[in-house]
Amino acid sequence: MSRVVLAMSGGVDSSVAAHLLIQAGHEVIGVFMRHGEASASACRIESDGETNVNPLNLPVLGNFGGSAAEGKRADHKQGCCSATDAADARRVAMSMDIPFYSLDLQEDFRRIVDYFVDDYLAARTPNPCVKCNHWIKFGRLFDFADGVEADFVATGHYARIVERNGTRELHRGLDGHKDQSYALFGIGRSRLSRMMLPVGDFEKTRIREIATSLGLGVSEKKDSQEICFVTQGHHSDFVKSRRPEMVGATAGEIVLTDGKVVGTHAGFEAFTIGQRKGLGVALGTPHFVVRIEPETKRVVLGSADDLMAPGLTADQANWLIDPQSLPDRVSVQFRYNGRPHAAHVDLDPNDPTRFQVRFENRQSAISPGQAAVVYDDERVLGGGWIIAATEDV
């Protein structure tokens, strides 16, 4: 019997994952990772007196006590680490009679928040949820697993670990509408051998049916769609609250691609590539943000065709295969809810962390700061972080 540490968020996916792992004969240890700044006070629920081991001196809060009603009063806005989620996760763990721990990862999570703010102030569009998976969920969670001598780490992500020719591969989840493999490309290749993704072989509707049949009480719980630490207002308001000294420092002109000034803006961090609404100017015809220039502080507007690019350059590459064995023709997905596009990948001969993507058809709204994930059919080969879209020659 294998010992498995499971990240339990209080949602339906990780709750059913616990059931599937137990059903398969594994010893399961549930872990709730409290890391959302906005819900910090709400998540500090008093322990019910049970004693927990603290492997590797990680900050363990203990078993959550309190009722779901108390959690809702403390934090009415659902996120990925609210008191309600904590209570739900603990309740599910108790119903399955599995050990349950809470890790306080506030210090680790500050790195995610700083990255988010710094990227917007550098005119990039960050993806904090993907970074969180790499740095925390499959980073600190492995530390905890090592401390309790667990064989595997599991989550409720909709992706699959497929064994083929003696190698464990990361593949898309069976449910194409819920697939989350894009968010996992940065996992260290060596860790694939210790990963379990129990719900990846199911459709979401089936997962909800299983939760209902088990009476878990979370079967109809909505999926979290928000950045957990931006709980109200626009993301630019959050950026300004974290860097008050930058208020006004990123203000500048709104211009067209020919350089014509058509307005001003209060800070380029409020804009993203491809944005059409909320531009602050009326031009009579549809215009989009096609470029953000941190050096000049200009937001450049253009037509839909101006958004098109033949490729992209990415860095901070992480490969789940030997990159020298990349197929000649792959597909590349460059936004979380996007679809993959046929492409060719060229490795930088002078820098193994960089690569270029050449799409077979020009693509729209390629955003610096987002992930470019490389697939061979259903298999994740690796990826990197977009530096820039390639300009037409």
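The values are calculated or read from the model by the stated rules, or taken from the named source; none is laboratory data. Fair warning: this is a prediction, and the values are worked out from it, not measured in the lab. Positions of Cβ are backbone-derived with ideal geometry, glycine not excepted, and every protein chain shown enters the neighbour counts.
Okay, residues lined up against (1) under 20 Å from the mean Cα position of the chain (by Cα); (2) in contact (Cβ under 8 Å) with a residue 24 or more places away in the chain:
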{"site": "93", "(1), (2)": "no, yes"}
{"site": "106", "(1), (2)": "yes, yes"}
{"site": "118", "(1), (2)": "yes, no"}
{"site": "129", "(1), (2)": "yes, yes"}
Count of region 221-269 residues which are within 30 Å of residue 9 (Cα to Cα) and without any contact (Cβ under 8 Å) to a residue 60 or more places away in the chain: 6
Pick from region 78-114, criterion at pLDDT below 85 and part of a loop (DSSP other than H, G, I, E, B), ranking: farthest from residue 145 (Cα to Cα): 78
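Which is at pLDDT below 95 and in the same structural domain as residue 183 (by TED's automatic domain parsing), of 117, 153, 130, 148? Give the derivation first.
Details: 117 fails: at pLDDT below 95; 153 fails: at pLDDT below 95; 148 fails: at pLDDT below 95.
Matching residue, one of 117, 153, 130, 148: 130.
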Region 331-350 - residue that is surrounded by fewer than 16 Cβ atoms within 10 Å (Cβ to Cβ) and part of a strand (DSSP E or B) and, of those, nearest to the chain's Cα centre (by Cα): 342
Pairs, first more than 29 Å from residue 106 (Cα to Cα) in region 10-35, second among the aliphatic types (A, V, I, L, M), C-beta under 6 Å, six or more apart: 22/28; 25/1; 26/4
Residue in region 314-323 that is surrounded by fewer than 18 Cβ atoms within 10 Å (Cβ to Cβ), closer than 26 Å to residue 177 by Cα and either free of Cβ contacts under 8 Å to residues at least 60 places away in the same chain or among the aromatic types (Phe, Trp, Tyr) (or both) present: no
Pair list, Cβ < 7 Å and 6+ apart or interchain, from region 288-312 residues that are under 18 Å from residue 277 (Cα atoms) to residues that are acidic (Asp, Glu): 290/306; 298/253; 300/293
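Take the residues in region 366-382 that are part of a strand (DSSP E or B) and of a type in the set (Gly, Ala, Ser); name whichever of them is farthest from the chain's Cα centre (by Cα). Before the answer, list the steps.
If we filter region 366-382 for residues that are part of a strand (DSSP E or B), which is where we start, we get 371-376, 379-382.
Filter once more, so that each one left must be of a type in the set (Gly, Ala, Ser): 371-372, 382.
Numbers: 371: 10, 372: 13, 382: 15 Å.
The selected residue is 382.
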Residue under evaluation residue 177, criteria (1) in a loop (DSSP other than H, G, I, E, B); (2) out of contact with any strand residue (DSSP E or B) (no Cβ under 7 Å at 6 or more places or on another chain); (3) farther than 22 Å from residue 333 by Cα, criterion not met: (3)
Residue 202 being aromatic (Phe, Trp, Tyr) and over 25 Å from residue 28 (Cβ atoms): no
Single unsatisfied condition, residue 380 versus (1) within 22 Å of residue 115 (Cα to Cα); (2) of a type outside the set (Lys, Arg); (3) touching a helix residue (DSSP H, G or I) at 6+ places or on another chain (Cβ under 8 Å); (4) surrounded by 19 or more Cβ atoms within 10 Å (Cβ to Cβ): (1)
Residue list for region 221-274, filter: more than 18 Å from residue 295 (Cα to Cα), crowded, with 17+ Cβ neighbours inside 10 Å and aliphatic (A, V, I, L, M): 227, 230, 239
Extreme residue, surrounded by the most Cβ atoms within 10 Å (Cβ to Cβ), among residues of region 97-108 that are in contact with a Leu (Cβ under 9 Å, 6 or more places away or on another chain) and of a type in the set (A, V, I, L, M, F, W, C): 105
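Give 169, 209 a once-over and let me know the one that is more than 21 Å from residue 128 (Cα to Cα) and touching a residue at least 12 places away in the same chain (Cβ under 8 Å). Working first, answer last.
Working: 209 fails: touching a residue at least 12 places away in the same chain (Cβ under 8 Å).
Exactly one of 169, 209 is more than 21 Å from residue 128 (Cα to Cα) and touching a residue at least 12 places away in the same chain (Cβ under 8 Å), namely 169.
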